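Here the structure comes first, spelled out in structure tokens, and everything after it is commentary.
Taken together, the values in this text are just the output of simple stated rules run on the coordinates, not laboratory data. Because the structure is predicted, anything quoted here is derived from the model rather than measured. Here the Cβ positions follow ideal geometry from the backbone for every residue, glycine too, while neighbour counts run over all protein chains shown.
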There are 2 protein chains.
Amino acid sequence: MNKFETLQARVNEIIEQEKQTKQPLSLYEPVDYAIHQKGKRLRPLLVLIATDMFNTDIAKAEKACMAIELLHNFTLVHDDIMDASPLRRGVPTIYQKYGINKAILSGDVMYALSYQYILQCEKDKIPSLTKTLTSVLINICEGQALDMAFEERNDVSQKEYITMISLKTGILFAGALKMGAIIADADVEDMNSLSEFGLYSGIAFQLQDDVLDCWSDLSSFGKVSGTDIADNKKTILYLLAMEKANDEDKALLNKLYTEKIIDIQKKIQDVKAIFEKYNIKESVETMIEQYTDLALNSLNKISTDEESKSNLKTFINQLLNRNK
Amino acid sequence: MNKFETLQARVNEIIEQEKQTKQPLSLYEPVDYAIHQKGKRLRPLLVLIATDMFNTDIAKAEKACMAIELLHNFTLVHDDIMDASPLRRGVPTIYQKYGINKAILSGDVMYALSYQYILQCEKDKIPSLTKTLTSVLINICEGQALDMAFEERNDVSQKEYITMISLKTGILFAGALKMGAIIADADVEDMNSLSEFGLYSGIAFQLQDDVLDCWSDLSSFGKVSGTDIADNKKTILYLLAMEKANDEDKALLNKLYTEKIIDIQKKIQDVKAIFEKYNIKESVETMIEQYTDLALNSLNKISTDEESKSNLKTFINQLLNRNK
């Protein structure tokens, strides 16, 4: 079995060595820009960890790594248009840099390239891998549609929010692990437990993201702090605050999220003050621990030995202790 | 072998009976709207014709029909955003009706659904069908990127234009036929000749489209006449005119395509007058005949009997004699 750091380094090598040299440049340059921005690359790492834990040569999983990283970046490119996000990973988003049309089209080709990588895997694995990739994307689209619909609603429940982030984030973590397991010919029960681990750790990751968006600074997080508040995003922080706050604070929060406000920095401060008054950060951290426990329970069910599971334990520990 | 009309009717049945009933509605309603607009449905028809000409039960090709129709509609949905087209098939485009964000996302899910249909085909055909679908989309994206790049260039050659429409249109016709042939276990030579037929007839189709955009009326074409001129699209009409016109008309044409003009109807009339002065319509019709001949030559190379080829002959004849 490989060390965690070895797998991390391998993921970077795999992605760095892939360079789109095809024409037209106007289509492929944004693809390169997107995948070489040094994101966290968690999802391809999950592919390698899964293949490796079943004692299979990780070389077999390299193409699937690229597929999953391209799929993920494709969703980011299109999401950034929909969310009008100016920055990602500390640099301009694709649509900011190249315009909406090129961003739509480069996103489209990234998704197709992702299948092209799957088609380079072992032939007997292609149907299952294609099925996984397809089902992941359908779920992500459904999650993004819910996310957009929630912006127009005032009655989103915590449960609905968890469903939405499961679809947008959890399913992709699960899919990455499943692909690694398919490549390693893991048995169905192990594959399902691994997918469960991915789902729960993806939920924990997204909840952590909501916390970091609010209480992190630009230099470490790569985005402007408080963007979710600025954009009136009804994250778990907002939903919990609306549940816990007294009527007066609830009305204030509602006002801050619905009225047009010129001084955005002041708005962010006011919202954070309410979040802090009701210990929202701590509540979310409790939820994150619960999902982490669920993930670790799923990991326990897998039939391989304890040592083989250590990389996924490291993975989830790093998720919880990150600052970006 | 089935009659042409039988296959046409079957295509309509296959598409009509497919209804997206899944949630969230905001994602799937635009998908339904797109595929049930009664477009020409030429591409799924090509899938069925190809399967049928090799004496294979067309029931085996139904899922691939849906896949190809969804793929095609996905590209239209995204193209209409990029081209800011208000109408298609005589009704508002998806982005006009549902907004840009929903149009991007519904387009994305249509592409994923297209793979989901491929995954319902016979298992041993899945890798080849997936490969065809993927390669078609990559080509379409490259074609669309060239199309957008041409808008900013003044030196586009006829050859480059034909390359662009081959990628955007020809390859999809070829891909549809290839998928039908894959399902029918046709041999490689026949598959290649069939793809060639698709490529050339797709080019002829697109050239015909350029002619119809200029010399058709709204009621039969489903779009506003002269939109290509209004949008300064450098179609084959423009490229041929720039080649044939005298210096004075060339300068006028260039002026009409670059300066901001308020009276669009007058602009369309002026451009059409130049096209007509140089018999551009007739020149394009000659090109269409040449590509049709190339297509028919490719058809001749196929090893099946003459009768089996009659549906593709009917297909190309109808392409040439359509008014929409």
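Worth a mention:
- Pairwise Cα inverse-distance average, inverted: Kirkwood Rh of segment A:1-87 (Å): 13.9 Å
- Placing a label point 7 Å from Cα along the Cα-to-Cβ axis, A:Asn254 is separated from the same position in the other copies by 6.4 nm, shortest listed first.
- Neighbour-limited loop hits for GluC sites (Glu not before Pro), segment A:233-324 (at most 16 other Cβ within 10 Å; DSSP other than H, G, I, E, B): A:Glu259, A:Glu306
- In the protein assembly as shown, a dipole from Cβ-located charges (positive for Lys and Arg, negative for Asp and Glu) runs towards its positive end, and of B:Ile262, A:Asn101, B:Ala230 it is B:Ile262 whose Cα lies farthest in that direction.
- Shown for B:Met242, A:Met179: other C-beta atoms within 10 Å of each C-beta, ranked fewest to most, produce the order B:Met242, A:Met179.
- Normalised by the number of residues in chain B, the mean separation of alpha-carbon contacts (under 8 Å, six or more apart) gives a relative contact order of 18 percent.
- In plain terms, the C-alpha convex hull of chain B casts an average shadow of 16.0 nm² when viewed from every direction.
- Average beta carbon contacts from partner chains per residue of B:116-124, 10 Å cutoff: 2
- Cα-based helix-to-principal-axis angle, A:126-151 vs chain A, degrees rounded to 10: 0 degrees
- Peptide A:82-88 is shielded by partner chain Cβ atoms: per residue, an average of 1 of them sit within 10 Å of its Cβ.
- B:Lys19-B:Glu307 FRET efficiency (beta carbon distance; Förster radius 35 Å; 0.05 resolution): 0.45
- Exposure proxy for A:Ser106, B:Ser303: other Cβ atoms within 10 Å of each Cβ, ordered fewest to most, give B:Ser303, A:Ser106.
- Shielding by partners for peptide A:98-110, expressed as the average number of C-beta atoms from other protein chains within 10 Å of each residue's C-beta, is 5.
- Rounded D (µm²/s) - segment B:190-324, Kirkwood Rh over Cα pairs, Stokes-Einstein at 25 °C, 0.890 mPa s: 151 µm²/s
- Exam field: B:Glu307 pseudo-label spacings to other copies (7 Å along Cα-Cβ), nanometres: 7.0
- Choice from A:Pro24, A:Pro92, A:Pro44 showing the highest fluctuation, given a GNM over chain A with Cα pairs closer than 10 Å: A:Pro24
- Diffusion coefficient of the protein assembly as shown by Stokes-Einstein, Kirkwood radius over Cα pairs, 4 °C, 1.567 mPa s: 49 µm²/s.
- Remark: B:Thr258, A:Thr163 ranked as B:Thr258, A:Thr163, counting other beta-carbon atoms within 10 Å and listing the fewest first.
- Mean separation of Cα contacts under 8 Å, 6 or more apart, over the residue count of segment A:168-324: relative contact order %: 31 percent
- Partners for A:Lys38 among lysines (Cα-Cα distance below 20 Å; same-chain residues under 8 apart left out): A:Lys19, A:Lys63, A:Lys97, A:Lys223, A:Lys324
- Neighbour cut-off at most 15 other Cβ (10 Å), DSSP loop, GluC sites (Glu not before Pro), segment A:54-124: A:Glu122
- Taking 22 Å as the straight-line reach from the Cα of A:Lys255, the lysines in range (excluding those fewer than 8 positions away in the same chain) are A:Lys233, A:Lys234, A:Lys244, A:Lys266, A:Lys267, A:Lys272, A:Lys277, A:Lys281.
- Its Cα centre serving as origin, the protein assembly as shown has a Cβ charge dipole (Lys and Arg +1, Asp and Glu -1) of approximately 640 debye.
- Pair-distance profile P(r), taking every C-alpha pair of segment A:222-299, with 10 angstrom steps and integer %: 18, 45, 25, 10, 2
- For segment B:255-308, trypsin sites (Lys or Arg not before Pro) meeting the loop criterion (DSSP other than H, G, I, E, B) and having at most 10 other Cβ atoms within 10 Å: B:Lys260.
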